[in-house]
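These notes are about the structure you will find just below.
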Amino acid sequence: MKHLDAKQLNEKLAAKWTRLGTAYLPFADAASAELPLGRLLRLSLFQVSVGMALVLLVGTLNRVMIVELHVPAWLVAGMVSIPLIFAPFRAIVGFRSDTHKSVLGWRRVPYIWMGTLLQFGGFAIMPFALIVLSGDSNAPPFVGQAAAALAFLLIGAGLHTVQTVGLALATDLAPAESHPRVVALMCMMMLLGMVASAIIFGGLLAHFSEIRLIQVIQGAALTTMALNIAALWKQEARDPARTAPDRKQPTFLESWREFNGEGKATRRLVALGLGTVAFSMQDILLEPYGGQILHLTVGTTTALTALLALGGLTGFSIAARAIGRGTDPYRLAALGALVGLVAFASVIFADPLESLVLFAGGVCLIGLGGGLFAHCTLTTAMRMAKPGQIGLALGVWGAVQASAAGTSTALGGLIRDGVSSLAAKGVFGEALSGPSMGYSVVYHIEIALLFATLVAVGPLVRTAREALSLSARNLNLSELAG
């Protein structure tokens, strides 16, 4: 009897420790019987490789090309924007992974593997292309430009393919009720990959040399390959039925018409595009704003960037828990837009009030609102996908989100420079000739876009509420009939 009591006590203690870990380990509740935590974390490694590629393209190589290799800034901007060319094709990649016929019976694995090879190939030739681009060779200038453009295009195509199909695979494996938490975990892993990669690359390239650049970038190529192989290993089950020769596959246009339904998908994508542009125009402006307008040190502005990421993680966590408890994701997305309104107003008023606390609070709220909005729109895309269209739904979401984010970031910089130049010439009058004018115009545009986002999301909230009410009414009728 005592032995039995001791055994029961141990089982109770083990259960309590398990619940404690789930409560305090971020997103541990994303695990399920179908997708245990260890397997889920291993699958999320593809997001770490995507985060590493983004840091290398937009951050590290951007600075190295301009400062150390003395490549003209306009050419660097053109090269960094090349990966966006592939963003609209994410919808086709997702659709193809839904309908792919593999001899081995896989749908997702071949596309993730091909995306990995594209990333590896781009990283493998990248350092040599950059050295030729800098003029440190006897080759004509166009050789370096063409080689660098090819490297950036390969990496962009690879990371867009891996992320789109990887998220589709996660959706396939996870039960529907855990999708919001799985999305939050995937977003968190990408952010962690970006933070860790930025620290590692910064340390390795502190003492720059061309040999060190080659070593670092090719090390990134090997790391990408290792992470993605580990993420893929024994994840997708083989299904030989997918290779049946008489199995009819729909065309892309047929799948799109079915996916779009009565035009509701178009409204969702419009809302996604507006919200993404609204939250992304400031991506390259917050740190310069803090340094130029509020006279903050480099260390302080870097800490504020970390605060932005922390706000984003908080938004992911809040959205995951709220949606898991039945909250309408459209309502949460609208809440994210409202938080963004307060955030940008705080950033604008931080200048006349000379308040670091107001600026820091605004930065954190931008991350929080953006995290809420991104998580909810991605969760909605996963939930609204019809059977056999998960890849298409996530591909369309990724195409709109990536294209809007990249375009808006470029527009933010251009608008800021143009307005600042006009203000310095006195076009807007003496009262509006300060250096903050360009930043303020961008932030006001973002506020206007957030209001437009609320207008686009409003009918979707109403539609979701009506659908829920109809579902409850049907359930009550079935109970009465029973």
Practice item. Report the accessible area of residue 101, computed with a 1.4 Å probe over the heavy atoms of all protein chains in place, in Å² rounded to the nearest 10. Key: 80
Review point. What does the highest-first list of 413-420, 140-147 look like by mean Cβ count within 10 Å?
Key: 413-420, 140-147
**Study point:** Amide N proximity, segment 345-363 versus residue 314 label position 7 Å along Cα-to-Cβ, cut-off under 15 Å
**Key:** 346-347, 357-363
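Quick check on packing: order 221-229, 435-443 by the mean number of other C-beta atoms within 10 Å, highest mean leading. If you can, show how the numbers build up before the last one.
Details: 221-229: 18.3, 435-443: 20.9.
Packing proxy ranking, top to bottom: 435-443, 221-229.
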Review point. Rank 199, 348, 318 by accessible area, highest first, at a 1.4 Å probe radius?
Key: 199, 318, 348
Check your understanding: Amide H to amide H, which residues 5 or more places from residue 106 or on other chains are under 5 Å from it, using H placed in the peptide plane?
Key -> 239
**Study point:** Whole-Hz ³J(HN,Hα) from phi, Karplus 6.51 cos²θ - 1.76 cosθ + 1.60, for segment 444-450, glycine and proline x
**Key:** 5, 4, 5, 4, 4, 5, 5
Exercise for review: Quick one: check the C-alpha center-to-center distance for segment 124-172 versus segment 435-451, whole angstrom.
Suggested key: 33
Check your understanding: Expressed as a whole percentage, what fraction of the accessible surface of segment 116-243 belongs to carbon and sulfur atoms when a 1.4 Å probe is rolled over the protein heavy atoms?
Key -> 70
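The values are calculated or read from the model by the stated rules, or taken from the named source; none is laboratory data. Here the structure is a predicted model, which is why all the values come from computation and not from measurement. A quick note on method: Cβ atoms are made from the backbone with ideal geometry, for glycine too, and the neighbour counts reach across all protein chains shown. Each accessible area value is taken on the protein alone, full model and side chains, heavy atoms only, with ligands, DNA and RNA left out. Shrake-Rupley method; radii C 1.70, N 1.55, O 1.52, S 1.80 Å.
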